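**Student:** I have a structure I would like to understand better, so I am pasting it below and will then ask my questions one at a time.
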Amino acid sequence: MKITKEFEFGKIHIEDNIVIGVMNEGSHIDPLSNRLLLSYCEEIFEKKPFAYLSYRKNSYSVDPTVYIDAANHYGLKAIAVVSQNSLSETNVAIEKQFFNQPFEIFKTTDEAKNWLTQVLI
């Protein structure tokens, strides 16, 4: 399954059971935008577990409370962040505290996809 969907705040590409998100430069991911994205994913996956790969090539902000909702109400089982930016590492350390599922940062999308695939087995 390969699907691409655009939202006002960014774009996702679904490959099998991994959702790859690229958010727009300057956007802010708040609980409402997060619910829109995850509700769409739930429709696609129909209660099957899935993982999210955040490809952070643009600068944007995330309300960390979105991870609490995501961990408790959706089929989301893991998050991987791909970034070359050292500030992202600091942000991910904070974001991980709000998500009670596997959550890691990687330098490449291949590393992240491999890890997510293993987590979902």
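The values are calculated or read from the model by the stated rules, or taken from the named source; none is laboratory data. A quick note: this is a predicted structure, and the numbers were derived from the prediction, not measured. Backbone-built Cβ (ideal geometry, glycine too); neighbour counts: all protein chains shown.
**Student:** Go through the residues of the range 99-110 one by one and say whether even a single one is touching a strand residue (DSSP E or B) at 6+ places or on another chain (Cβ under 9 Å) and assigned to a helix (DSSP H, G or I).
**Tutor:** yes
**Student:** One residue is enough: does the range 43-59 have a residue meeting the conditions touching a residue at least 24 places away in the same chain (Cβ under 8 Å), under 19 Å from residue 98 (Cβ atoms), surrounded by fewer than 13 Cβ atoms within 10 Å (Cβ to Cβ) and of a type outside the set (Lys, Arg)?
**Tutor:** no
**Student:** Kindly indicate the residue of the range 1-18 that is within 15 Å of the chain's Cα centre (by Cα) and among the charged types (D, E, K, R) and also nearest to residue 121 (Cα to Cα) among those meeting that condition.
**Tutor:** The selected residue is 16.
**Student:** Now for a separate question. Pull up the range 99-120, narrow it to residues that are touching a helix residue (DSSP H, G or I) at 6+ places or on another chain (Cβ under 8 Å) and under 15 Å from residue 88 (Cα atoms), then point me to the one that is surrounded by the fewest Cβ atoms within 10 Å (Cβ to Cβ).
**Tutor:** Among those that are touching a helix residue (DSSP H, G or I) at 6+ places or on another chain (Cβ under 8 Å) and under 15 Å from residue 88 (Cα atoms), it is 104.
**Student:** Against the condition modelled with pLDDT of 95 or more, of a type in the set (Gly, Ala, Ser) and surrounded by 17 or more Cβ atoms within 10 Å (Cβ to Cβ), how does residue 26 come out, does it pass?
**Tutor:** Judged against the criteria, residue 26 is not a match.
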